[in-house]
1. Just to be sure, is residue B:121 at pLDDT 90 or above and surrounded by 13 or more Cβ atoms within 10 Å (Cβ to Cβ)?
2. Mind checking which residues of the stretch A:95-109 are within 10 Å of another protein chain (Cβ to nearest Cβ) and at pLDDT 85 or above?
3. Looking for whichever is closer than 20 Å to residue A:320 by Cβ and over 16 Å from the mean Cα position of the chain (by Cα) here; the options are A:95, A:126. Which one fits?
4. Name the residues in the stretch A:147-175 that are small (Gly, Ala, Ser) and not in a helix (DSSP H, G or I), would you?
5. From A:219, A:225, A:192, A:198, grab the single residue that is modelled with pLDDT under 85 and within 21 Å of residue A:412 (Cα to Cα).
6. For the stretch A:176-192, which residues satisfy the criterion of being β-branched (Val, Ile, Thr), part of a helix (DSSP H, G or I) and either within 22 Å of residue A:134 (Cα to Cα) or away from chain B (no Cβ under 14 Å) (or both)?
7. Restricting to the stretch C:1-57, what's the tally of residues that are outside any helix (DSSP H, G or I) and surrounded by 14 or more Cβ atoms within 10 Å (Cβ to Cβ)?
Amino acid sequence: MMNVWTLFIPELYCLLMAVVFFGLAMSARPNPRRDYFAALFMAGVGVVVALACVRLEGTLFFEAYRVDLFSQVFKVMLAMGFFLVVCLCTELNGIEERHHPEFYLFLTTCTLAMMMLVSSVELLTIYVALELSSYSLYILVPLRRGHGVDVEAGIKYLMVGACASAVMLFGLSYVFGVTHTTYLVEIIHVLPGVIGTPAAIVGLLLVLCGFFFKLAVFPFHFWAPDVYQGAANQVTAYIATASKVAAVAIIMRVVALSGGSSKYLVDMLVTLSIASMTLGNLVAIVQKDMKRLLAYSSISHAGYVLIGILSMSATGYASAIFYALAYLVMNLCCFLVVVKVSHDGSDLKIAQLAGLHRRAPLLAMALMLAVFGLAGIPPTIGFTGKFLVFAAAMEKGYVALVIIAMINATISLYYYILVVKAAYLMEPDEELPRLPVSIPTKVLTVALVTAMVVFGVAPSYLLEVARAAARMLM
Amino acid sequence: MQPILDGLTLSPWEPGLFSLAIYGLMVLGLVSLLLFFASWLGEKKSNPEKLRPYESGIIPTGSARLRYPVPFFLVAIFFLIFDVEAAYIFSWAISYDSLGWAGWLQISFFIFVLLLGLLYIWKKGGLEWGPTSKQD
Amino acid sequence: MTVYGAVFYILAGVILIATGLAITRRNLVHSIVYLVISFFGSAMLYYLFGAPLLAALEIIIYAGAIMVLFLFIIMMLRVEPSALRKPTLRQWLPAGVLGLIYVAVAILVVTTDPGSQTILETALARPRVFGRFLFQRYWLSVEIVSFLLLIALVGALYLGKAFVKEGGDQKEDQS
């Protein structure tokens, strides 16, 4: 029995964190410093715990829950994402002080839910875990101080999310009807045999819709710009990084169910991928608000990740895992700059970046590298990620898709360079004071930048891990 | 394709299930019969005095469509959430003996988490009613 | 057609009509009454399919709690029937087209599936057995649900309180 619970340690640790924040939420007097340091410490330990558990393997809860390298790698990413987002919370001005413990509580439950999501191999568990993470986010979005846009964003998120889960439940019922089981282990044996029947393919697609909502893939992307803009900066950072990573993981699990033999599914994914990339990139060009721009950029990146997934080969899945990690790091770096530059917690216009290279050279440099990474310029991790994804698709012979993706990457370069131009070449209308950048922030920035460059140049170790993790899916 | 017969979950269907449906139909029939007689045999003369809503003998003023205060709505949500909780507890309660201590622990944890929730809304004033909630 | 089949089609008809009426009524309270009828119909359907516990829960939760919540929202927002605009052609045409596609796909799914011709044996999930199954096989999900409900409680309180402060102008809530 003890053995079983060791497998569950990262989740149990998250549960413990949730309990602590719940206790803090119950205390009468708000104390942001205490909350922040508690969160920082516990999230830091969380990363260590997740790393320590990376080699565990086994199944629990009547085979509903599988701990393997695939799930553990994603748990490490989630723990890291959570920790880094907490690092950004030094000045949590976007949220009222008395709600800080709740803010951390929801972040923790969301992380917990997503950890369970990446480990679940049973449809019902997947569904409830997904709902738990969505509910936490539904509440985090309108938690922002001051009302107006955020209420609209919250409602929109909730509505689109509710529709997506309804569609997904419907799909689950089809999948269950076709395969007579909710366990992925059994589905993976049955489904490839019946994937030609309309019920199976419709069911699988509808299930994917629920996850596409989380990833903001084309038909379910409506919420992204408004939610990114409407939520507090830290919350947006979390939605843009950790929740995307979890979505990539679960989409891979579900797509792997098809066994790679369905042409319909591939066609559908190709269409969605192209639509997401193109739409995201084209609309991003006209954005004035930094967070909206990042939202559209995230829609297009969802398209790139799908390329890796739809290759449905071990290389494809490995490249998607690597891309998810790269995206996590680059996006967090962008949001680090967003949070630090608008330290009063307001939305950041791109024009407000003007003169950043003089106000905070380090941040400007980090922003430039992160944005170049998102655009896919070497030697950053973003280039390596894109390269791997495209290579996996080429291996399968999707030449047209890769060409379209490359054209898209070129388009995206335009608006990414606009951001860099704002930070480096434009001068602010009035002279602004230097931005105070604390030592921990400097350390964090340098660490992120180093990670981006080092893993961009020498990705072999991470790639090995991603390959080993992807093998678990096949 | 085969029906999902697990042995563990499903037992043969039996028509005894229909007893509730028949009972329901009987109730429906009786109620409609009573309503029909009431409208058929009753007097059908109406005047404004008769049609006015009865409010303990006081003549009503204003519209009946008042906006409900929010606390009512909050209570409705809390009721819904605890109702869903009750559904799980029912499922446990009808088979508590065969589930044994493991089941007891599971449902205890479940109830404990929901108790925490109750404690939270209590402490944060979600159950406050009337003037106190307005001061907040 | 067996009695079983006849009852099924009657119930299905009732559900369809009631739901259709629910989404077309101008008066929101009337819609809710029709929706309650539709839920009762679904509950009977579950009963017929041999899931009595599910039928009871459908009535307790859907026809009971959720409908009460809907009524409260309607009373709280106090939308006059005249304030609701009729949906224009541009609004309902895409919805209609999508709905038609959906019906077509569903027919395709049902008719082409090799299993659709099989007559399934009727079976019954006894509440006792259901409970045992749920708590033995799916207890992790049950515990996750408890967290889900906790989050929902905390969130409902927060949003509801914000609503009080706002004076209840523009916001709806989740369930």
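1. Taking the combined requirement at face value, the residue does not satisfy it.
2. A:102, A:105, A:106, A:109
3. Numbers: A:95 fails: closer than 20 Å to residue A:320 by Cβ.
After ruling out the rest, the residue left standing is A:126.
4. Matches in the stretch A:147-175: A:148 only.
5. Values: A:225 fails: modelled with pLDDT under 85; A:192 fails: within 21 Å of residue A:412 (Cα to Cα); A:198 fails: within 21 Å of residue A:412 (Cα to Cα).
Residue meeting the stated conditions: A:219.
6. First, the residues of the stretch A:176-192 that are β-branched (Val, Ile, Thr): A:178-179, A:181-182, A:185, A:187-188, A:190.
Now restrict to residues that are part of a helix (DSSP H, G or I): A:178-179, A:185, A:187-188, A:190.
Result: A:185, A:188.
7. Here the count works out to 4.
Residue by residue, here is whether (1) facing another protein chain (nearest Cβ under 8 Å); (2) part of a helix (DSSP H, G or I); (3) at pLDDT 65 or above; (4) more than 32 Å from the chain's Cα centre (by Cα) holds:
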position	(1), (2), (3), (4)
B:5	yes, no, no, yes
B:18	no, yes, yes, no
B:22	no, yes, yes, no
B:28	no, yes, yes, no
B:33	no, yes, yes, no
B:38	no, yes, yes, no
B:46	no, no, yes, yes
B:55	no, no, yes, no
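The values are calculated or read from the model by the stated rules, or taken from the named source; none is laboratory data. Here the structure is a predicted model, which means the values were calculated and not measured. Neighbour counts are summed over all protein chains in view; Cβ atoms, including those assigned to glycine, are modelled from backbone coordinates with ideal geometry.
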